[in-house]
Amino acid sequence: MNAIKRILGILWIAVGLYAGYYLFVEQALPKFGTGKPEDLIPAGIYTVILCPLIVGSLLTFGYYSLKGEYDLEG
């Protein structure tokens, strides 16, 4: 079971990287490109608040899973 948790750590890191790519490249950049105020506010929220929060937490979870912090002892 501990080996599965470590393998899933790689999956969480991959999901975190993809989420960062998706939020920034697919969601925020097109909204910045329009220049309309109603698009700039969500783009700023995606870039400044959501992207670091989501990516940071998924990468941290995956890192700790790879390190074995969630392994069962005994």
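The values are calculated or read from the model by the stated rules, or taken from the named source; none is laboratory data. Since the model is a prediction, treat every value here as computed from it, not as a measurement. When we count neighbours, we look across all protein chains shown, and the Cβ atoms used for this are built from the backbone with ideal geometry, even at glycine.
Kindly establish whether Lys5 is among the basic types (Lys, Arg), part of a helix (DSSP H, G or I) and in contact (Cβ under 8 Å) with a residue 24 or more places away in the chain.
On the way: among the basic types (Lys, Arg): yes; part of a helix (DSSP H, G or I): yes; in contact (Cβ under 8 Å) with a residue 24 or more places away in the chain: yes.
Spelling it out, Lys5 is indeed among the basic types (Lys, Arg), part of a helix (DSSP H, G or I) and in contact (Cβ under 8 Å) with a residue 24 or more places away in the chain.
Working carefully through the options Gly33, Gly20, find the one that is out of contact with any strand residue (DSSP E or B) (no Cβ under 9 Å at 6 or more places or on another chain), part of a helix (DSSP H, G or I) and surrounded by 13 or more Cβ atoms within 10 Å (Cβ to Cβ).
Working: Gly33 fails: surrounded by 13 or more Cβ atoms within 10 Å (Cβ to Cβ).
Matching residue, one of Gly33, Gly20: Gly20.
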Quiz item: Does any residue in segment 54-74 that is without any contact (Cβ under 8 Å) to a residue 60 or more places away in the chain come within less than 8 Å, Cβ to Cβ, of a residue that is in a loop (DSSP other than H, G, I, E, B) and surrounded by 13 or more Cβ atoms within 10 Å (Cβ to Cβ) six or more places away or on a different chain, and which pairs are these?
Solution: Tyr64/Tyr70
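For segment 42-74, how many residues are among the aliphatic types (A, V, I, L, M) and closer than 14 Å to Phe24 by Cα?
Just the residues of segment 42-74 that are among the aliphatic types (A, V, I, L, M), to begin with: 43, 45, 48-50, 53-55, 58-59, 66, 72.
Of the ones still in play, those that are also closer than 14 Å to Phe24 by Cα are 43, 45, 48-50, 53-55.
Result for segment 42-74: 8.
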Exercise. Please give the number of the condition Ile13 fails out of (1) surrounded by fewer than 17 Cβ atoms within 10 Å (Cβ to Cβ); (2) assigned to a helix (DSSP H, G or I); (3) touching a residue at least 24 places away in the same chain (Cβ under 8 Å).
Key: (1)
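Quick one: which of Leu40, Leu50, Leu66 is in a helix (DSSP H, G or I), touching a Phe, Trp or Tyr at 6+ places or on another chain (Cβ under 8 Å) and surrounded by 12 or more Cβ atoms within 10 Å (Cβ to Cβ)? Walk me through how you get there before you give the answer.
Values: Leu50 fails: touching a Phe, Trp or Tyr at 6+ places or on another chain (Cβ under 8 Å); Leu66 fails: touching a Phe, Trp or Tyr at 6+ places or on another chain (Cβ under 8 Å).
None of the others qualify; the one that does is Leu40.
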Quiz prompt | Number of the condition not met by Gln27 [criteria: (1) surrounded by 14 or more Cβ atoms within 10 Å (Cβ to Cβ); (2) under 30 Å from Ile4 (Cα atoms); (3) not basic (Lys, Arg)] | solution = (2)
Quiz item: Taking only pairs six or more apart or across chains, which ones have beta-carbon atoms under 9 Å, a first residue in segment 31-51 that is within 20 Å of Tyr21 (Cβ to Cβ) and of a type in the set (Asp, Glu), and a second residue that is exposed (fewer than 13 other Cβ atoms within 10 Å of the Cβ) and at pLDDT 90 or above?
Solution: Asp39/Pro30; Asp39/Gly33
